[in-house]
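Report on the following structure.
Nothing in this text is a laboratory measurement; each read-out follows from the coordinates by a stated rule. Please read all numbers here as calculations on a predicted model, not as lab measurements. Heads up, the Cβs are rebuilt from the backbone with ideal geometry, glycines too, and the neighbour counts pull from every protein chain shown.
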Amino acid sequence: MRNLLEIQDLSVQEIDDLIRVAKDIMAHPEKYSEACHGKKLATLFFEPSTRTRLSFEAAMYELGGHVLSVPGASLSSATKGESVADTARVVSCYADIIAMRHPKEGAPFVAATHSDIPIINAGDGGHNHPTQTLADLLTIHLEKGGFDNLTVGLCGDLRYGRTVHSLIQALSRYHGVRFVLIAPEELRLPDYLIQDVLKPNHIPFVETQNLEEVIPTLDILYMTRVQGERFSDVATYERLKDSYILTADKLESAKKDLAILHPLPRVNEISVAVDTDARACYFKQVRNGKYMREALILKLLGLSEAPGEEKRDMSNVEETDYVCRNPHCIITTEQELPHLFRKEKGTLRCLYCDQPYDL
Ligand code: NCD
């Protein structure tokens, strides 16, 4: 049985295969219209969502399957104090596969350890969002023909933007990719991604606050929303929320074949006038997400190919007496979770949320 909890759960070969299947579904949807006949997808969304939930549900319908859905967290037993582990156990009695979104980082991982059916992480706090990355990767593949040697600008809230974290982990595995990280000081990329992903893999990257200065160098510009819901302090959010606004003027110096992506929802990071620019890809990205989710559901249900082995390395994981200090970690709310940390080179990192623990 396989889950998709973080994008590294898929090998490069598997991502290539998903892209190939998604393109085939786009070209021949009728071939797949009964592929999930009799199968049920449960969508468990404990955080707001429009496109991700509808995208999963539309994907399952297009495959001829059924969808079970709790309309919103406020209507589920989570409000009665049910743990993520119990919810996963219960729902796995009704469905064949679960797509879960949760505000706590590591919640889908906890669900996966208690479920008999595959769990797909549809976004956990400010941590990961691997299926948005699948949508992003298909979009880049369609626009650029591949991933090698791209200069990728990521702009906005790189600290809490979970889509950015998963996209960096995915693109870091391709040859010659270079990142330009554009963010205000307070919203810089979390250090664990720099220390564990960019540096050890020798991925060239620069950090800057100035979008205009770097825009001419980019092949991809990935804009993001400042994630207001993750701030503990409203004043800081108010000060940072308009940090970057992409306008037609700023795009004048950009490459003619730049691809502009955004996971959406947009607040005001991209002015509406940019929508008619041929380089704007964010609405195509939405459509691409549905096809990649179809390909993923087929894979995890073992309907397109064998689902493959779980690849998570648990060799350096230890149970400790330490308590993760990240207020967004699932450990803060879930009952009786073991305090698991990954131990590497004298550092401890929470297994659920990836945040370092300073001894
Ligand atoms: C993103 C998310 O939920 O992280 N949205 C999405 O799934 N398309 C981005 C965001 O909310 O800003």
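When the Cα atoms of the chain are enclosed in a convex hull and the volume is divided per residue, what value in Å³ results?
That works out to 136 Å³ per residue.
Taking the Cβ of each residue in ARG101, ARG349, ARG178 as the centre, tally the other Cβ atoms inside 10 Å and list the residues starting with the fewest. Numbers along the way, then the final one.
On the way: ARG101 24, ARG349 20, ARG178 17.
Placing the least packed residue first, the sequence is ARG178, ARG349, ARG101.
Of LYS144/LYS311; LYS144/LYS256; LYS144/LYS284, which ones are farther than 18 Å apart at the Cα? Provide the component values of the computation, followed by the final result.
Numbers: LYS144/LYS311 29 Å; LYS144/LYS256 13 Å; LYS144/LYS284 14 Å.
Listed pairs above 18 Å: LYS144/LYS311.
Filter the trypsin sites (Lys or Arg not before Pro) in segment 198-267 to those in DSSP coil with at most 10 other Cβ atoms within 10 Å of their Cβ, and list the result.
On the way: sites: ARG225, ARG230, ARG239, LYS241, LYS250, LYS255, LYS256, ARG266; in loops: ARG225, LYS241, LYS255, LYS256, ARG266.
Those satisfying the criteria are LYS256.
Aspartates and glutamates within cross-link reach of LYS23: Cα-Cα under 15 Å, excluding same-chain residues under 8 positions apart?
Hits, sequence-local ones excluded: GLU14, GLU62, ASP136, GLU143, GLU294.
Taking 22 Å as R0, compute the FRET efficiency from the Cβ-Cβ separation of TYR192 and GLU310 and round it to 0.05. Could the numbers behind the result be given before it?
Details: r = 22 Å, r/R0 = 1.00.
Taking R0 as 22 Å, the efficiency between TYR192 and GLU310 is 0.50.
Please report how far the C-alpha centroid of segment 226-294 lies from that of segment 106-155, rounded to the nearest whole angstrom.
Distance between centres, Cα-based: 17 Å.
Could you tell me what percent of the DSSP beta bridges with both partners in segment 1-146 are antiparallel, to the nearest 5?
Details: 1 of 15 bridges.
For segment 1-146, the DSSP antiparallel bridge percentage is about 5.
Might you list the cysteines of the chain that have no disulfide-compatible partner by the rule of another cysteine's Cβ under 4.7 Å?
Lone cysteines by the Cβ rule: CYS36, CYS93, CYS155, CYS281.
How many angstrom lie between the C-alpha centres of segment 15-41 and segment 325-340?
Their Cα centres are 37 Å away from one another.
Remind me, relative contact order of the chain in percent, using alpha carbon pairs under 8 angstrom and six or more residues apart? Don't jump to the answer; show the numbers that get you there.
Numbers: 690 pairs, mean separation 65.7, N = 359.
Dividing the mean separation by the residue count of the chain yields 18 percent.
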